[in-house]
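Trainee: Below is the structure I would like to discuss, written out as structure tokens.
A short reminder: the numbers here are calculations on the coordinates, not readings from a lab. Computed from a prediction, not measured in an experiment: that's the story for all the values here. We place every Cβ from the backbone using ideal geometry, glycine too, and count neighbours over all the protein chains shown.
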Amino acid sequence: MSKDFRRTIGVLRASAIALALVASACEQKPDVGAMQRHFTEHPAPPPDVTSVPSDDRIMAVLTSPPNVPPPTNRTKPARVVVKLTVKEVVMPMADGVQYSYWTFGGTVPGSFIRVRQGDVVEFHLQNDATSTMPHNIDLHAVTGPGGGAASSFTAPGHASQFTFRALNPGLFVYHCATAPVPMHVANGMYGLILVEPPGGLPPVDREYYVMEGDFYTKGKYHAKGLQAFDMDKGIEERPTYVVFNGAEGSLLGDKSLKAYVGDSVRIFFGVGGPNLTSSFHVIGEVFDRVYMEGGTHYQENVQTTMVPAGGSAILDFRVQVPGAYALVDHSLFRAFNQGAVGTLKVSGPEDKLLYSGKQEDSLAEKEQAPQAPVLVDSAPPSTLTRDERIAAGKTLFASTCSACHQATGSGLPGSIPPLAGSDFLVKNDKERVIGVVLNGLSGPVKVNGTSFNSVMPTWNHLTNDELANVLTYVLNSWGNPGGEVAPAEIAKVRGSGAI
Amino acid sequence: MFSRCLAHVLACVTVLTGAAHAAPRPLKAPAGMVMVGPGVYRPLYPASPAERLVSVRRFYLDARPVTNGEFLTFVRAQPEWRRDRAPRLLADDGYLTHWAAADALGRDVRSASPVTNVSWFAAKAYCAARSARLPSEREWELAALASENARDASSDPAFVARILDFYSRPALAASLRDVGSGKPNLYGVYDLHGLVWEWIYDFSASLVAVDSREKGEADRNRFCGATGASAQTPSDYAAFMRVAFRSSLEAAYTTSRLGFRCAADLEETP
Ligand SMILES: [Cu+2]
């Protein structure tokens with residue numbers, strides 16, 4: 001978002017007479033008279049939502065997550081055309097895990113829609129011809145029974161159209177409301193629509209779009225292959241995955257959100273659910289402003305904000321210190337064991353006054369760290385067959401390597417690279433692989449197209465035999481190319497010649 | 001918009017004139033059909049408290065969905081149902097578009113796989129040509145309750161899970177398998193689950209609601225089950241999906257996963 005667009009900070013004002021209730025799917029038509037509220041404490045003139053905008057139509061810019069369309073920058077309401085296509089698509093939910101998602105626009109969450117208060121929105125919902133299911137859309141921004149659900153109910157290969165007036169400003173969730181609704185939402189059918197107040201939101205340098213959702217698969221977390229929806233887990237509210245933007249790792253590595261030191265950042269955050277409430281937190285940041293529940297007023301200096309299923313929040317903060325900031329659901333098992341982690345990477349110069357980095361390492365001061373000894377393996381090499389090496393290596397792997405690389409060799413998204421199907425093992429010669437395990441590895445490394453930047457400790461205290469076993473096991477497991485590593489080869493890399 | 005409404009009216013007229021009732025049939029099942037019922041069916045949304053259980057008389061039902069090959073034979077015999085001749089009022093733009101030509105399947109379409117991209121009108125005409133009719137919702141649902149070894153498998157978790165799995169698989173309309181390649185249910189009916197959606201005679205909530213109270217209300221109940229409150233079996237997701245699917249249709253609609261099979265009345269011996 002360019003700074004050219006900066007305007008005076010718009011003051012958010014509720015309309016003088018606003019329909020307070022945004023009807024959700026299937027509610028009876030609200031008693032409008034009873035719903036009217038007079039915001040007499042805000043004497044400012046109401047935005048004009050009564051005069052009908054001219055007939056010129058504007059095509060709404062839609063974006064895929066994590067991107068956000070530019071501000072409307074309009075001083076008057078307009079007729080805005082939104083065209084959204086529902087698609088059922090198979091996409092990865094995690095490494096090696098596929099899921100048949102139902103989507104608005106081919107992504108989870110669906111395309112971000114940005115309009116202005118008072119706009120007359122002409123909504124075209126198309127259901128792709130390849131779809132199995134009928135679908136519809138309930139926009140929480142719509143004032144009217146069902147939020148558009150009944151008018152947009154569409155069979156596969158067909159389209160429907162309805163028009164609504166964006167009466168209330170705010171950040172609203174939209175979702176599919178076709179029975180069984182929880183399943184349509186659990187398959188990814190949700191997104192956000194921003195209704196800007198007149199004058200827009202205060203300008204910022206970067207805007208991002210993030211939604212959290214819970215997913216229910218037949219297989220366990222990280223069970224490979226195409227996973228089917230598990231209705232029982234859904235009913236019991238026992239998610240297999242809790243993730244940002246539809247899949248584990250969708251905001252990690254190359255796909256991390258990015259900012260520069262000094263930037264003001266805004267996250268349009270929503271929770272699709274269908275079940276869980278998020279305790280959204282960015283580790284190492286404080287939100288300067290949180291427009292709670294996506295509404296008009298903001299709280300300042302917030303650490304963690306709670307966002308309900310089918311709800312949202314606008315989070316504004318300035319990044320001052322370079323580094324990687326983790327986006328988490330602070331219900332932490334979700335972050336550690338179900339995938340609810342993302343990163344915001346902030347680059348730029350450090351300011352030691354703001355954050356010093358580590359200033360003292362007390363352990364190192366007390367005891368002078370010993371010079372790492374060159375460990376020499378002088379045990380005589382064993383004469384195992386390849387299968388015996390694999391069996392012995394398996395046990396060693398389970399006790400030594402699996403804590404990080406996982407028993408399945410899958411690694412951990414964003415922090416530990418996979419050994420299963422790792423192209424690192426194929427692209428590099430044996431010596432390099434042996435060297436990495438002997439001497440450890442740190443700094444950026446790309447495995448199967450994903451970058452990792454972490455540290456693996458050295459394993460030079462293991463014997464040549466042990467290392468030969470564990471590497472032979474790794475080479476012969478999880479679809480890796482096979483082969484054998486001999487103790488002599490370890491010895492050679494170790495450079496000791498001690499065989 | 002106009003044509004859709006008109007098609008709707010046509011559908012209503014056929015309902016009201018009672019064209020559903022084909023001539024009674026002898027007790028020997030017509031070719032390709034098996035006997036189903038009698039039985040009791042629990043509708044997802046009972047029309048009234050008295051109709052929580054609906055009894056269904058015996059009837060004949062096609063053991064398999066109608067195939068592309070069978071439908072081609074029909075189209076050749078009644079060329080007014082060719083895709084280039086059928087009025088759009090009776091079959092929308094998608095009608096038989098997966099075929100290579102108006103009177104040929106082409107290399108990519110299997111003759112023995114179920115015909116899809118057919119409208120309700122076309123399906124009805126096909127069945128009429130066989131002196132048969134489309135099954136009613138209650139008939140179809142009764143037949144679909146049966147597993148390989150039970151008439152009512154609705155409380156068998158494995159059966160229910162199997163049906164739901166079908167709906168959570170990706171749509172691969174291009175690769176529909178041949179009909180009858182699975183196992184038949186207790187009545188001898190194949191493919192009620194796991195292959196294609198099927199037209200039923202009274203598919204549209206708005207059609208049945210013509211004579212009942214308020215149309216809007218009934219409509220909303222059917223597909224808008226946000227709460228599932230009015231449903232008898234709120235965790236029968238597969239039933240919700242069928243009801244939702246049917247409610248989304250108009251009689252001229254076609255979709256790439258929607259086919260049909262025919263049914264016939266039984267001549268009851270006194
Ligand atoms: Cu849907």
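Trainee: Can you list the chymotrypsin sites (Phe, Trp or Tyr not before Pro) in segment A:283-328 that are in a DSSP coil and have 10 or fewer other beta carbons within 10 angstrom?
Mentor: On the way: sites: A:Phe287, A:Tyr291, A:Tyr298, A:Phe317, A:Tyr325; in loops: none.
For chymotrypsin sites (Phe, Trp or Tyr not before Pro) across segment A:283-328 that sit outside H, G, I, E and B with at most 10 neighbouring Cβ atoms in 10 Å, the list is empty.
Trainee: Residues with amide H under 5 Å of A:Tyr174's amide H, sequence separation 5 or more or different chain, H placed in the peptide plane at 1.01 Å from N; which?
Mentor: A:His140, A:Gly191, A:Leu192, A:Ile193
Trainee: Could you work out how far the C-alpha centroid of segment A:172-214 sits from that of segment A:406-479, in angstrom?
Mentor: Taking the Cα centre of each part, segment A:172-214 and segment A:406-479 sit 40 Å apart.
Trainee: Further question: Report the charge-dipole magnitude of segment A:93-195 in Debye, nearest 20, computed about the Cα centre from +1 at each Lys and Arg Cβ and -1 at each Asp and Glu Cβ.
Mentor: Details: 3 positive and 5 negative charges, 46 e Å.
Dipole of segment A:93-195, to the nearest 20 debye: 220 debye.
Trainee: Another one. Give, in nm to one decimal, the length gained when the segment between A:Arg432 and A:Val61 is fully stretched (0.36 nm per residue of separation minus the Cα-Cα distance).
Mentor: Values: separation 371, 0.36 × 371 = 133.56 nm, distance 4.88 nm.
My answer for the length gained is 128.7 nm.
Trainee: So, one more: What's the ranking of A:441-454, A:76-89, A:112-125 by average number of surrounding C-beta atoms within 10 Å, highest first? Kindly include the intermediate steps, with their values, before the conclusion.
Mentor: Working: A:441-454: 13.9, A:76-89: 19.6, A:112-125: 23.5.
Top to bottom by mean Cβ count within 10 Å: A:112-125, A:76-89, A:441-454.
Trainee: Loop-only GluC sites (Glu not before Pro) in segment A:248-354, please: DSSP not H, G, I, E or B, and at most 14 other Cβ atoms within 10 Å. Walk me through the intermediate numbers first.
Mentor: Numbers: sites: A:Glu248, A:Glu285, A:Glu293, A:Glu300, A:Glu350; in loops: A:Glu248, A:Glu285, A:Glu350.
Qualifying residues, ordered by number: A:Glu350.
Trainee: Using r as the Cβ-Cβ distance of A:Ala324 and A:Asn301, and R0 as 22 Å, what FRET efficiency do you calculate, to the nearest 0.05? Mind showing how you got there, number by number?
Mentor: Details: r = 22 Å, r/R0 = 1.02.
Taking R0 as 22 Å, the efficiency between A:Ala324 and A:Asn301 is 0.45.
Trainee: Averaged across B:247-255, how many Cβ atoms of other chains sit within 10 Å of each residue's Cβ atom? Numbers along the way, then the final one.
Mentor: Working: counts 5, 12, 4, 2, 0, 0, 4, 5, 10.
Average per residue, whole number: 5.
Trainee: Taking the Cβ of A:Gly440 as the centre, find all other residues whose Cβ is under 14 Å away and add up their charges (Lys, Arg: +1; Asp, Glu: -1). Walk me through the numbers on the way to the answer.
Mentor: Working: positive: A:Arg432, A:Arg494; negative: none.
Summing Lys/Arg as +1 and Asp/Glu as -1 gives +2.
Trainee: Label A:Ala159 and A:Val286 with points 7 Å out from Cα along Cα→Cβ: what is the distance between them in nm?
Mentor: 5.1
Trainee: Quick one: if the Förster radius is 22 Å, what FRET efficiency do A:Gln98 and A:Lys446 give, using the C-beta to C-beta distance and rounding to 0.05?
Mentor: The formula returns an efficiency of 0.45 here.
Trainee: So, one more: Within the set A:Lys218/A:Lys345; A:Lys76/A:Lys345; A:Lys218/B:Lys183; A:Lys394/A:Lys427; A:Lys233/A:Lys258, which residue pairs have Cα atoms separated by over 30 Å? Numbers along the way, then the final one.
Mentor: Details: A:Lys218/A:Lys345 34 Å; A:Lys76/A:Lys345 37 Å; A:Lys218/B:Lys183 24 Å; A:Lys394/A:Lys427 23 Å; A:Lys233/A:Lys258 35 Å.
In this structure, A:Lys218/A:Lys345; A:Lys76/A:Lys345; A:Lys233/A:Lys258 lie more than 30 Å apart at Cα.
Trainee: Modelled label-to-label distance, B:Ser181 and B:Ala100, 7 Å Cα→beta-carbon offset: nm?
Mentor: Each label point is offset 7 Å from its Cα along the Cβ direction, giving 2.0 nm.
Trainee: Then there is this: Return the average number of partner chain Cβ atoms within 10 angstrom of each residue Cβ along peptide B:235-241. If you can, show how the numbers build up before the last one.
Mentor: On the way: counts 5, 2, 8, 2, 2, 6, 8.
Going residue by residue through B:235-241 and averaging, the value is 5.
Trainee: Further question on the same structure: Within segment A:157-189, which chymotrypsin sites (Phe, Trp or Tyr not before Pro) sit in a loop by DSSP and count at most 12 neighbouring Cβ atoms inside 10 Å? Before the final figure, lay out each step's value.
Mentor: On the way: sites: A:Phe162, A:Phe164, A:Phe172, A:Tyr174; in loops: none.
Hits after loop and neighbour filter: nothing returned.
Trainee: Under the rule of at least 5 residues apart or a separate chain, name every residue whose amide H is placed under 5 Å from the amide H of A:Lys258.
Mentor: The list, which skips near neighbours in sequence, is A:Lys345.
Trainee: Determine ³J(HN,Hα), in whole Hz, for all residues of segment B:110-127 in sequence, where each value follows from phi through the Karplus function 6.51 cos²θ - 1.76 cosθ + 1.60 and θ = phi - 60°; x replaces Gly and Pro.
Mentor: 7, 5, 8, 8, x, 6, 10, 6, 10, 8, 4, 4, 5, 4, 5, 5, 4, 5
Trainee: Per-residue counts of other Cβ atoms within 10 Å, averaged by peptide: what ranking do you get for A:196-203, B:77-84, highest first? Could you put the intermediate results ahead of the total?
Mentor: Values: A:196-203: 20.0, B:77-84: 14.6.
In decreasing order of mean packing, A:196-203, B:77-84 become A:196-203, B:77-84.
Trainee: Provide a whole-number value for the mean count of partner chain Cβ atoms within 10 Å of the Cβ atoms in peptide A:120-129.
Mentor: Values: counts 0, 0, 0, 0, 0, 0, 0, 2, 2, 9.
Average per residue, whole number: 1.
Trainee: What is the sum of charges around A:Gly157, taking Lys and Arg as +1, Asp and Glu as -1, for the other residues whose C-beta is under 11 Å from the C-beta of A:Gly157?
Mentor: Details: positive: B:Arg257; negative: A:Asp128, B:Asp92, B:Asp93.
With Lys, Arg at +1 and Asp, Glu at -1, the net is -2.
Trainee: In addition: Quick query: amide H of A:Gly273 versus all other amide H atoms, modeled in the peptide plane; which residues come in under 5 Å with a sequence gap of 5 or more or a different chain?
Mentor: A:Asp214, A:Gly310
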